[in-house]
Amino acid sequence: MAGKAIQKFVPLFDRVLVERFCQETVTKGGIVLPEKSQGKVLQATVVAVGEGSKGKNGDIQPVSVTVGDKVLLPEYGGTKVMIDDKEYYLFRDGDILGKYLN
């Protein structure tokens, strides 16, 4: 699934393409949440990365995340990208707040 997205879209420079985790629609107690009370999902999986940004001396500084990393996103920002009717988001490497360790 993510492999097909990588074949059709490659981020440029320090951009990172992510797929957000699914929203929780039911609480642990079994209560169904209406759409308005569901918060934004801030966790995502990295599906593609650019090669990095150019530094002042022209050297390429690689992106700090790799494909498959689980990351924490800011509440606002990112650009929605539709690939094969699937929703992805494009962020700059510097906008990603952190990554989860296994």
Placed amide H near residue 51: partners under 5 Å, 5+ positions off or other chain | 13
If amide H atoms are built 1.01 Å from N in the plane of the peptide, which residues on other chains or at least 5 residues away come under 5 Å of the amide H of residue 83?
-> 88
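Add +1 for every Lys or Arg and -1 for every Asp or Glu among the other residues with Cβ under 11 Å from the Cβ of residue 92, and state the total. Working shown, then result.
Numbers: positive: 15; negative: 14, 93, 95.
Local net charge: -2.
Each reported figure results from applying straightforward, stated rules to the coordinates on display, with no laboratory input. Computed from a predicted model, the values in this text were never measured in an experiment. Positions of Cβ are backbone-derived with ideal geometry, glycine not excepted, and every protein chain shown enters the neighbour counts.
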